[in-house]
Amino acid sequence: MTKKFGPEYASIDDVTFQPKYRASCYCETVRYEVCADPVDSKICHCLACQKLHGAPMQWAAIFHKRDVRITAGIDHLHFYNNERNQHARILPCKVSCARCGTPIADEGRRMWLAFPSLFNFGNRSSVPDTFNPTCHIFYGMRVVDACDDLPKWSGHKNHSQRL
């Protein structure tokens, strides 16, 4: 087994790494841990997220790569760069389980955008507050309205027009 997913990620051998949350795909072939709370969490309404998730939006919790380590299934990761339409680990890219097809995360150049529904929080109603979304992005592309008080941005948070 590869001990490290990439140079930016924590190693499986790092004894100082203290897992705070654990996540896995549906079939549990791919598993990973994070040692910190997310730096942010958002809901994305862009067309790529809608189509690639088969859902009206994507909920992602954002972590620094250094706070993430893959504990199982590295050899079962599938990568897709939707900008180039290539099945390759060209960042940024979508990461999924090659066995069951579960979307695992979006891998950015510096960040890991994890999908909170993959985490084991004990029960579905005990999602930590730090995973709660802080905004909607690409809200102009939405297919359903979100009736909440979160800020809604036309593009990326703080880098586009607030709607």
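The values are calculated or read from the model by the stated rules, or taken from the named source; none is laboratory data. Just so you know, these numbers come straight off a predicted model, no measurement behind them. A quick note on method: Cβ atoms are made from the backbone with ideal geometry, for glycine too, and the neighbour counts reach across all protein chains shown.
Quick check on A36: is it in a helix (DSSP H, G or I) and either more than 25 Å from R99 (Cβ to Cβ) or of a type in the set (G, A, S) (or both)? Taking the combined requirement at face value, the residue does not satisfy it.
Does the stretch 69-92 contain any residue that is modelled with pLDDT of 95 or more, over 25 Å from P7 (Cα atoms) and among the aliphatic types (A, V, I, L, M)? No, the stretch 69-92 contains no residue that is modelled with pLDDT of 95 or more, over 25 Å from P7 (Cα atoms) and among the aliphatic types (A, V, I, L, M).
Among the candidates S41, S11, the residue that is in a strand (DSSP E or B), of a type in the set (G, A, S) and in contact (Cβ under 8 Å) with a residue 40 or more places away in the chain is uniquely S41. Residues that are at pLDDT below 95 and within 30 Å of D14 (Cα to Cα): does the stretch 106-113 have at least one? The answer is yes, given that some residue of the stretch 106-113 is at pLDDT below 95 and within 30 Å of D14 (Cα to Cα). Each residue in the stretch 127-155 was checked for being surrounded by 13 or more Cβ atoms within 10 Å (Cβ to Cβ) and either over 20 Å from V39 (Cα atoms) or not polar (S, T, N, Q) (or both), and 19 pass.
Among the residues of the stretch 74-89, those that are among the hydrophobic types (A, V, I, L, M, F, W, C) and either in contact (Cβ under 8 Å) with a residue 40 or more places away in the chain or exposed (fewer than 14 other Cβ atoms within 10 Å of the Cβ) (or both) comprise I74, L77, A88. Of the strands (runs of 3 or more DSSP E) lying entirely inside the stretch 50-163, not one carries at least 3 residues that are more than 23 Å from Y26 (Cβ to Cβ).
For E107, indicate whether it is surrounded by fewer than 16 Cβ atoms within 10 Å (Cβ to Cβ) and among the acidic types (D, E). Can you show your working first?
On the way: surrounded by fewer than 16 Cβ atoms within 10 Å (Cβ to Cβ): no; among the acidic types (D, E): yes.
Criteria not met by E107.
Considering only the stretch 119-141, I want to know if a residue exists there that is within 13 Å of the chain's Cα centre (by Cα) and among the hydroxyl-bearing types (S, T, Y). The answer is no; no qualifying residue exists. Per this entry, Y32 is not counted among residues that are surrounded by fewer than 20 Cβ atoms within 10 Å (Cβ to Cβ), hydroxyl-bearing (S, T, Y) and touching a Ser or Thr at 6+ places or on another chain (Cβ under 8 Å).
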